[in-house]
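Just below is one structure, and these are the notes that go with it.
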Amino acid sequence: MPANDVKPPPLVEKDFGNRIGLDFSKTSEYKKETKKAIDDAYAACKQFLKNKQAGNVKGFGAVVSDLDETLIDNRPHFEATPKFNWPAFEAWIKKADAPLLPKTAEFLTWARKNGFAIFFITGRREGLRADTIANLVKRQVAYDGLLMRKEGDRGGAESVKVPLRQEVEKMGFTIVVNIGDQWSDLSGGHAIDCEKLPNKIYLVE
């Protein structure tokens, strides 16, 4: 969807939760929503490449991706943890052993091989940088930048992520696709195309 058209539907807290989200992630609807988002991300990148070959765009394209529940699959942790809490989640992050969501991983690998820079913009705090990089290295994820929440920043996701996307633009990149599992990953513009992956385990505003 175009970045300026990101309009989150009405969200109700009771529709999210560990068990609700885990059960939903095993449904055909989850697979359908994931496939559509990834297919549309491929299409946006291919259109950018076509426009660039025609001389209609200049500069370098980039893909911005969230991490948790977008690329990194934390379901093993949530299967073992009845209720979300940050200390337990950070302990899981520090294990640096989370698997990847294969469809996103395949798309990002394809995008990088086709000339797009890959930037991860995450709500994880800076103190988790080494653990996050260790997990990405373990899963052989190639990327070009990891932008994280500053220590002590308690702002909402949009207030954190929009300035970080602006940082990518200031480097000279055009963000062709911004992909995430939360509407707050996508709101605020600074991308040609936005793609929402399904996640009902938790809601980040």
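Read-outs throughout are calculated quantities, based only on the coordinates presented, and are distinct from any laboratory measurement. Not measured: the values here are computed from a predicted model. Neighbour counts are summed over all protein chains in view; Cβ atoms, including those assigned to glycine, are modelled from backbone coordinates with ideal geometry.
What would the Debye equation give as log₁₀ I(q)/I(0) for region 13-196 at q = 0.09, 0.11, 0.14, 0.18 Å⁻¹, counting only Cα atoms as equal point scatterers?
Taking Cα atoms of region 13-196 as identical point scatterers yields -0.32, -0.48, -0.79, -1.31.
Ignoring everything except DSSP H segments at least 4 long, calculate the 222 nm mean residue ellipticity for the chain; use -39,500 (n - 2.57) per segment, divide by total residues, nearest 500.
Using -39500 (n - 2.57) per qualifying helix, the result is -13000 deg cm²/dmol.
Only four residue types carry charge here, +1 at the Cβ of Lys and Arg and -1 at the Cβ of Asp and Glu. Report the dipole size of the chain about the Cα centre in Debye, rounded to the nearest 20.
Taking the Cα centre of the chain as origin, the dipole is about 420 debye.
I need to check one value: relative contact order of region 1-156, counting alpha carbon pairs closer than 8 Å and at least 6 residues apart, in percent. Don't jump to the answer; show the numbers that get you there.
Details: 143 pairs, mean separation 36.9, N = 156.
In percent, rounded to a whole number, it is 24.
Beta carbons within 10 angstrom, averaged per residue: use that to sort the peptides 84-92, 153-161, 61-69, highest first.
Numbers: 84-92: 13.0, 153-161: 15.6, 61-69: 25.3.
Averaged packing, sorted descending, gives the order 61-69, 153-161, 84-92.
Taking the DSSP beta bridges in region 13-196 as the whole, what percent of them are antiparallel, to the nearest 5?
The answer is about 5 percent antiparallel.
Rank Gly55, Leu186, Leu71 by how far each Cα sits towards the positive end of the charge dipole of region 13-196 (+1 on Lys, Arg Cβ; -1 on Asp, Glu Cβ) and give me just the farthest.
After comparing all options, I get Gly55.
Which of Asn74, Asn51, Asn178 ends up with the largest GNM mean-square fluctuation for the chain, with Cα atoms connected below 10 Å?
Asn51
When only C-alpha pairs under 8 Å and at least 6 residues apart count, what is the relative contact order of region 81-193, in percent?
Reported relative contact order: 22 percent.
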